[in-house]
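To start, the structure itself, in structure tokens.
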Amino acid sequence: LCFFFFFQAEDGIRDAQESRGLGDVYKRQVSTQSTGAPCRPVTHLVQMLGVALMRGLQRCAAPARLSRSLHSSPAMRAENPNSDTEVQLLRDKVAELEAKLGEQSELKIMRAEGDVNLSPARQQWQEEYLDEGTRSLLEEDAKYFLHQALSTPCLNALEKCEGIYLTDTQGNKIMDFHGNSVHQVGFGNPEVVEAIKQQLDRLPFCTRRYTNRPAVELAKKLADLAPGDLNRTLLCPGGTSAVGIAVKLARMHTGRFKTISMWESFHGASLDAISFGGEEIFRGNGVGPLLAGSEHVPPCDEFRCQFKCRSRGGCDMACADYVEYVLETEGDICAVIAEPIRWTPYIPKKEYWDRVRAACDKHGALLIFDEIPNSLGRTGAMFTCENYVVPDILVLGKGLGGGIMPLAAVVAREGLNEAGKAVALGHYTHEKSPVGSAAALATLKFIEENNLCYNAAEMGEYALGKLREAMEHTDMIGDVRGMGLLIGVELITSKNSNTRAFDEAEQVMYRCLSRGLSFKLTMGNIVTLVPPLTITKQEMDTAIDILVTTIKEVQAQSPNMTTA
């Protein structure tokens with residue numbers, strides 16, 4: 001066994017050297033130390049050795065790789081050249097373990113950011129509800145698109161989307177409380193569509209080195225709407241790219257490179273964004289090594305607080321204290337990057353961000369708010385930060401393009417304007433898209449003229465009231481939380497232990513889908529409800545009735561429910 005782990009660690013060191021280079025990393029770390037901070041070469045070498053050992057352990061994690069490694073180990077062959085029988089027995093045991101644990105482990109990892117696309121429950125739903133034509137289209141999709149954990153193979157196929165509704169290829173209308181967070185103004189909003197059509201006839205594309213009126217008007221509008229002195233904008237085609245721009249700007253301004261972000265967070269799927277993010281489905285399975293200096297802290301989740309605040313009588317801001325502890329201990333953090341409200345959602349107290357804001361100011365770090373999924377009126381204010389504090393950099397996306405055009409924006413403090421002038425922070429092909437900008441201007445205008453921030457606050461409060469009333473009579477509902485039309489319903493199997501109801505939540509989701517209601521599951525057991533901000537009281541009543549009825553039905557049939 002010692003020989004086995006030695007060779008795995010040796011392979012891990014080789015991988016780390018090939019992908020990062022111990023010497024190169026050492027030199028880079030030395031050259032990027034913050035001014036006045038002592039160089040810590042021993043620490044960096046230990047970190048690299050830790051990466052190497054982790055790579056070795058990762059090689060041991062997959063049962064199939066375990067079997068191959070033992071069979072090919074030089075030490076084992078030298079010790080026992082006739083070990084084929086023993087190795088085959090081990091392979092049989094590994095296969096048995098894989099059958100029992102492999103699927104469950106894979107599904108658990110994939111549940112963090114969304115519902116699982118390879119689960120038996122999904123397969124069963126598809127067999128019962130999809131017709132031959134839809135299945136044929138899904139097979140073509142699976143044939144030509146690269147497979148990945150959270151999309152292809154897909155769930156179903158769509159023919160149309162309008163307002164709050166999706167229409168699949170079988171003609172079924174589905175209320176969409178998911179929408180990939182792009183549908184603040186509803187799908188196919190006529191005013192956004194018309195603005196796009198008119199712009200296509202005038203200026204469909206703007207080459208680099210040139211500007212255009214819609215892009216300038218959008219930057220001006222964002223400066224007018226954003227709080228504080230968030231006056232400077234940079235546009236780009238997607239939110240992940242905007243996150244990268246924001247962190248580069250923070251690095252240039254501070255002369256530092258380290259960041260603090262939250263475990264279980266999501267900031268996009270590129271290599272830099274998953275370094276800041278905190279979900280294994282994006283960070284694990286051989287994707288790394290990730291960006292150096294990407295520190296993480298526990299999220300401010302009072303229901304499942306990692307600091308056990310509930311056992312002390314309630315939240316005492318231990319999570320905020322820990323952020324300041326890391327800022328002080330590291331001493332050279334360039335930025336704290338976080339979603340002001342995590343999409344599960346976690347709803348922080350205002351005091352949390354007050355204290356983090358103050359800690360950033362004290363230790364010379366910037367505060368970056370990633371509002372890509374929950375801004376533009378969803379929380380009852382145009383920007384989520386208006387419920388908390390003003391960040392140094394605000395990142396917007398998803399619904400900014402009206403649910404039609406891909407568009408994101410970085411909105412920074414006036415004082416950061418000169419920080420990035422020596423580098424190309426973005427320089428994307430579609431940076432100042434006139435069509436995207438026209439869509440965004442129409443979206444913002446529609447939100448303002450139709451009082452969608454007010455409707456989000458009012459409908460959100462109404463929905464939370466109905467769901468909390470249902471929680472009093474439904475053991476499976478462990479918690480209801482939200483702000484505006486960003487609502488989470490956490491499903492559990494025991495109110496004493498708060499055990500996550502993974503299987504039950506999946507059943508609830510597919511049964512609701514069959515009844516005309518679509519939503520996202522996060523963390524495997526949290527029903528996340530994010531309808532268009534145009535939703536009416538009647539539509540909300542219909543959706544909640546479907547959800548609560550289904551939860552009670554699944555609860556009555558579940559063998560896992562317990563009062564202990």
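Numbers below:
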read-out	value
Filter result for Gln538 (at pLDDT 95 or above, over 28 Å from the mean Cα position of the chain (by Cα) and crowded, with 16+ Cβ neighbours inside 10 Å)	no
The stretch 548-561: number of residues that are open to solvent by less than 80 Å² (accessible area, probe 1.4 Å) and either assigned to a helix (DSSP H, G or I) or within 24 Å of Asn374 (Cα to Cα) (or both)	6
Test: Val480 is among the β-branched types (Val, Ile, Thr), open to solvent by less than 20 Å² (accessible area, probe 1.4 Å) and free of Cβ contacts under 8 Å to residues at least 24 places away in the same chain	yes
Residue that is farthest from the chain's Cα centre (by Cα) [pool: residues in the stretch 270-300 that are modelled with pLDDT of 90 or more and of a type in the set (D, E, K, R)]	Glu295
Test: residue in the stretch 351-360 that is modelled with pLDDT under 95, surrounded by fewer than 24 Cβ atoms within 10 Å (Cβ to Cβ) and among the aliphatic types (A, V, I, L, M)	no
Only one of Leu467, Leu491 that is under 23 Å from the mean Cα position of the chain (by Cα) and either assigned to a helix (DSSP H, G or I) or touching a residue at least 24 places away in the same chain (Cβ under 8 Å) (or both)	Leu491
Candidate set from the stretch 446-503 (those that are modelled with pLDDT of 95 or more and of a type in the set (Phe, Trp, Tyr)); member that is farthest from Val192 (Cα to Cα)	Tyr462
Given (1) surrounded by fewer than 19 Cβ atoms within 10 Å (Cβ to Cβ); (2) touching a Gly at 6+ places or on another chain (Cβ under 7 Å), number of the condition Gln184 does not satisfy	(1)
Complete set of residues in the stretch 332-369 that are within 16 Å of Arg251 (Cβ to Cβ) and in a strand (DSSP E or B)	Ile333, Cys334, Ala335, Val336, Ile337, Leu366, Leu367, Ile368
Candidates Ala440, Ala457, filtered to the one that is outside any loop (DSSP other than H, G, I, E, B), more than 30 Å from Asn560 (Cβ to Cβ), of a type outside the set (Ser, Thr, Tyr) and open to solvent by less than 10 Å² (accessible area, probe 1.4 Å)	Ala440
Subset of the stretch 174-203 [under 30 Å from Ile164 (Cβ atoms), not in a helix (DSSP H, G or I) and not β-branched (Val, Ile, Thr)]	Met175, Asp176, Phe177, His178, His183, Gln184, Gly186, Phe187, Gly188, Asn189
Subset of the stretch 130-156 that is of a type in the set (S, T, N, Q) and at pLDDT 95 or above - its residue that is least open to solvent (accessible area, probe 1.4 Å)	Thr134
Members of the stretch 504-535 that are open to solvent by 10 Å² or more (accessible area, probe 1.4 Å), part of a helix (DSSP H, G or I) and free of Cβ contacts under 8 Å to residues at least 60 places away in the same chain	Arg511
Restricting the stretch 460-476 to residues that are among the small types (Gly, Ala, Ser) and touching a helix residue (DSSP H, G or I) at 6+ places or on another chain (Cβ under 8 Å), the residue that is surrounded by the fewest Cβ atoms within 10 Å (Cβ to Cβ)	Ala470
Lone unmet requirement of (1) closer than 19 Å to Ile164 by Cα; (2) charged (D, E, K, R); (3) open to solvent by less than 30 Å² (accessible area, probe 1.4 Å) for Asp545	(3)
Any hit, the stretch 205-222, residues being surrounded by fewer than 19 Cβ atoms within 10 Å (Cβ to Cβ) and under 30 Å from Thr536 (Cα atoms)	yes
Selection from the stretch 494-503 of residues that are outside any helix (DSSP H, G or I) and either open to solvent by 10 Å² or more (accessible area, probe 1.4 Å) or among the basic types (Lys, Arg) (or both)	Lys495, Asn496, Ser497, Asn498, Thr499, Arg500
Subset tally (residues that are touching a residue at least 60 places away in the same chain (Cβ under 8 Å) and in contact with a strand residue (DSSP E or B) (Cβ under 7 Å, 6 or more places away or on another chain)) for the stretch 343-367	6
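The values are calculated or read from the model by the stated rules, or taken from the named source; none is laboratory data. Just so you know, these numbers come straight off a predicted model, no measurement behind them. When we count neighbours, we look across all protein chains shown, and the Cβ atoms used for this are built from the backbone with ideal geometry, even at glycine. When the accessible area is computed, the model is the full protein with side chains, heavy atoms only, and any ligands, DNA or RNA have been set aside. Shrake-Rupley method; radii C 1.70, N 1.55, O 1.52, S 1.80 Å.
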